[in-house]
Structure formats: structure tokens, C-alpha cells
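> Before I ask anything, let me first share the structure, which is written out below as C-alpha cells.
The values are calculated or read from the model by the stated rules, or taken from the named source; none is laboratory data. All values derive from a computational prediction rather than experimental measurement. Positions of Cβ are backbone-derived with ideal geometry, glycine not excepted, and every protein chain shown enters the neighbour counts. Side chains are part of the model used for accessible areas, which takes the heavy atoms of the whole protein and leaves out ligands, DNA and RNA. Shrake-Rupley method; radii C 1.70, N 1.55, O 1.52, S 1.80 Å.
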Amino acid sequence: MTSPPVRPTPVSLRQFVLKVHSRCNLDCDYCYVYHSADTSWRDKPRRMEAAVAEQTALRIAEHAVAHRLPDVRIVLHGGEPLLLGAGRLDELLDVLGRGLAKAAVPVRFSMQTNGVLLTPDILDVLRRHRVGVSVSLDGTQAGHDRHRRFPKGEGSHRRVMEGLGRLGESEYRALYAGLLCTIDLADDPVDTYEALLASRPPRVDLLLPHGTWDTPPPGLADRANRVPAAPPVTAQGVMGDSGETPYADWLRRVFDRWYDAPVRETGVRLFEELMAGVLGGSMRTECVGLAPATLAVIETDGSIEQSDSLKVAYEGAPETGLDVFRDSLDDVLDQPRIRQQQSGADGLGPTCGRCPLLAVCGGGLFAHRYASGSGFRNPSVYCADLAALTLHIRARVRADLAAPPQGLPELDVTGA
């Protein structure tokens, strides 16, 4: 008689995404909330009320105390969180801060916003509560306005840059956490990167457009329903020619521009994480690597969900059936999909298990692995691109590590 498999001890949650407003003032054509398989946003209240925020703070405090967490991170999200307005935003942050202070739990607040509503009154509230601000900006004006438009069709680039200008002023600069840029293959990669540098961001997140094997992202339509049965990496590198890895080709050009700069202009999260991985270090992002999932989403009505990127998979994919009024956050850790995301290599399918880049790639973002019939036990739809980019970064880093220090002669090791 064989023993049942031992389930890994769950890892406590550390990051909580609060959907404080479920609507948006933009209509971005690639948005995973409003233009993907899941349409549950239609049934959510527009705003998170104070009672929901108070109960959410209680649940987070309970979880933090029970697991002896040194701190927690709360991310205000939407929709567009700044649609709350300065008054409601101040009230909500007060409620959250008081609720967590009772349990003596240090909290780091941050926010993801489209930047259009970064007005002085809003910025004063964010400064008072020490809320870090990440802004969505897709590079050049042409690249940004192609996708990130107001509902009537007007591009939002000018308004976003005005908001970034205010955020960059001396009294608010400490709040500036960075930029989020969704990649478009139609845009020149170096022009895009250099346009992002204009507002001097401390960090940039280059985001792959969301997609699955059922609905591949732009430029990868030929991968529809063609989940690979074998890893894409051979002794010679990535299978196929470079034309089959368009996102890796795009990102390699940005990496070389960033890596070869004479001074550090900004951080780029994806590149830094992959560099850490190829050097054998720890990785802390859900996009690559094998770090366990530690995130929960609280919707405007108090329902508890898994990462909202799962909305691209199918209707109801992020749902857990839990909410903050009935359930504890420990209950989230018993969700089968959370268990899968916390089980490292054991949570991946056989294709990833045979890949020599497994520890670095980690199968890619969980949502990008979905295929109807096999669920999430597949490689990322970006499998070949992630492999090609990882090999490129590894080659660049290894070449630098093997090179002698600048200005010093190479040692003669021939014995002559």
C-alpha cells in the first residue's frame, strides 16, 4: 500500500490586492478585466465601502499575526482606484491603516493607476498615507495612444504625462514607484524604453500581453491549441529560428540597451529577476521563477479571489467562493490552485519538468499556461520566447563574468 502524497506546507499570504473601484475611466483594448473571458466585473459594486475595508483589514491583521509576518503589502487596484476621489480614498486608507495598527502590523501601501487622475488633492492624500504609485505608460505617444484610450476614442498619453509631471515634483517624488508598460510588437523596443526613461522612473515593468493557448496574444496566433509536448531548449539553444520568438527578439533589444548603458538609468524587473535566476539567486515575481504564490485579491464586495490575471482563462477562473465576512485568509491557502502555485516544480506539467531552464523560467505566469482540457499544467504560451530571452541574458552575464577586469591583463595559464 502506497502512502498518499504529502502536501507541501502552505506559505502565508503577504500581498493583498484591493479592488477599491471596479470601473475605469479608460477603455484599453488589451485590458484583462474588461476585455477577456471573465465578465464578473459587471456584477461588482462600483466602490469598496468602508465596512468592507474595515473587515478586510481585520482579516489581513488576523493572518499577519497568526503567521508572525514582519509586514504586509496592500495594493490599491481597480478598475481605476483614483475614481474614488480624494475624500473617499482618504477615508478608505484611514480605515485600513487603523485596522492594521490595532494588530501592530507594519503595512506598505502601493497603488497601480493609469495616472490620468493624479491631481494635487489626490497626491496630497497619497503622500499623507505614504502610498507608492505605479503608473501605466506604454512608451511613446503613438504606442501608448494606440491602446490606452478614453471610451470616446481619445488617447490618454497627454493626460498621463501631466500626472507623471506632478508625481515627479519634489514634494511627491518619493511616492513614485515606477512604470508598467505592456509590450506591443509594433513599437520599436528601444524607442519605447527611452520614452519610458523620460519621467525618470525608479523601476520599469515590461509586461507581456495576457493570453493563453486557447487565445494567444498578438503575434502568436500560430500557437493556438499547440501546447508543446517537449521543452523548447536543445543543446544548440531554442528550437526554431528567431522569427518564432518575436517577444524575445523585442525584449533582447531592450535588454542590450539597458544592460550596456554606462550608468544605471532605471531598474527593469523582468531583466533583474532573470539575471538573479541565471546566477542561482532567489526570484520574487509571479512572472518567472518558482517562488510560491503569496497574493490574494479582495473585490469591492469583499469576495476573495486569486490573481486577477486568471480572468484571461475562462469565466470565473479567479473565484474561490470565499469572502472576508465569512472566511479567513487562511482558507485561501486550501484552494487547489493556490496549492498548485505554491508547490514549485511539482505544480508544473511534464514538459516544464524536463526543461533545463525550469528553475529560472518556472513555467512563466500561471495564467499564461492555460489550455482547455489540460488546465494550467502546461508551459507558458510564451514558452519559446521566455527560453530565448533567458538564454540571451545568461550568455551576456556569463561573458561578463568570464572577462578579465577592465585594464588588467589576462593571466597566462598555459605554463609556458
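> Could you tell me which residue of the range 227-243 is surrounded by the fewest Cβ atoms within 10 Å (Cβ to Cβ), considering only residues that are over 13 Å from Leu389 (Cβ atoms) and modelled with pLDDT of 85 or more?
Of everything passing the filter in the range 227-243, Ala229 is surrounded by the fewest Cβ atoms within 10 Å (Cβ to Cβ).
> Here's something else I'd like to know. Is it the case, given these coordinates, that Leu179 is open to solvent by less than 60 Å² (accessible area, probe 1.4 Å), outside any helix (DSSP H, G or I) and in contact with a Pro (Cβ under 8 Å, 6 or more places away or on another chain)?
Yes; evaluated as a whole, the condition is true for this residue.
> Could you check Gly364 against (1) open to solvent by less than 30 Å² (accessible area, probe 1.4 Å); (2) not in a loop (DSSP other than H, G, I, E, B) and say which number it fails?
(2)
> Right, Asp400: out of contact with any Asp or Glu (no Cβ under 6 Å at 6 or more places or on another chain), at pLDDT below 95 and among the charged types (D, E, K, R) or not?
yes
> Let me ask something additional. If Asp331 satisfies all but one of (1) open to solvent by 20 Å² or more (accessible area, probe 1.4 Å); (2) free of Cβ contacts under 8 Å to residues at least 40 places away in the same chain; (3) closer than 26 Å to Ala50 by Cα; (4) not in a helix (DSSP H, G or I), what's the number of the condition it fails?
(4)
Rundown of residues vs (1) part of a helix (DSSP H, G or I); (2) open to solvent by less than 20 Å² (accessible area, probe 1.4 Å); (3) of a type in the set (Phe, Trp, Tyr); (4) touching a Cys at 6+ places or on another chain (Cβ under 7 Å), yes/no style:
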site	(1), (2), (3), (4)
Val11	no, no, no, no
Val65	yes, no, no, no
Val75	no, yes, no, no
Gly97	yes, no, no, no
Ser110	no, yes, no, no
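> What number of residues within the range 127-174 satisfy the criterion of being of a type in the set (Gly, Ala, Ser), open to solvent by 30 Å² or more (accessible area, probe 1.4 Å) and part of a helix (DSSP H, G or I)?
3
> Here is a follow-up. Take the residues in the range 199-226 that are within 30 Å of Gly168 (Cβ to Cβ) and open to solvent by 50 Å² or more (accessible area, probe 1.4 Å); name whichever of them is nearest to the chain's Cα centre (by Cα).
Leu207
> Take the conditions hydrophobic (A, V, I, L, M, F, W, C), modelled with pLDDT of 90 or more and under 27 Å from Leu251 (Cβ atoms) and apply them to Leu333. Does it pass?
Working: hydrophobic (A, V, I, L, M, F, W, C): yes; modelled with pLDDT of 90 or more: yes; under 27 Å from Leu251 (Cβ atoms): no.
The answer is no for Leu333.
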